[in-house]
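The numbers here are math on the coordinates, done by the rules we state, and not lab data. Source: prediction; values computed, not measured. Backbone-built Cβ (ideal geometry, glycine too); neighbour counts: all protein chains shown.
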Amino acid sequence: MTTVTTMKCACEPCLCVVSIGDAIQKDGKYYCSQACANGHSEEKGCGHEGCNCG
Ligand SMILES: [Zn+2]
Ligand SMILES: [Zn+2]
């Protein structure tokens with residue numbers, strides 16, 4: 001049995017879906033990128049096409 005677990009990035013405006021294994025974990029949440037995990041304090045966006053979060 002294969003468990004594929006994906007979640008939406010915890011960054012609110014971010015539309016990306018990340019798999020738990022690949023996600024950046026912070027405070028028990030899963031983010032698609034380091035910029036999102038940092039709350040976009042430094043970087044805007046997450047580098048994923050079509051995503052304008054941050
Ligand atoms: Zn994103
Ligand atoms: Zn984001």
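Points to keep in mind about this one:
- If you take all other residues with their beta carbon under 15 Å from the beta carbon of Glu12, and give Lys and Arg +1 and Asp and Glu -1, the sum is +3.
- Loop trypsin sites (Lys or Arg not before Pro), region 14-54, which have at most 12 other Cβ atoms in a 10 Å radius of their Cβ (DSSP): Lys44
- Modelled label positions at Asn52 and Ser19, each set 7 Å beyond Cα in the direction of Cβ, lie 3.0 nm from each other.
- Relative contact order, percent, the chain [alpha-carbon distance under 8 Å, six or more residues apart]: 29 percent
- Rg and Dmax of the chain, based on Cα coordinates, read 10.9, 40 Å.
- Each stretch of four or more DSSP H residues adds -39500 (n - 2.57); spread over every residue of the chain, this sum gives -1000 deg cm²/dmol at 222 nm.
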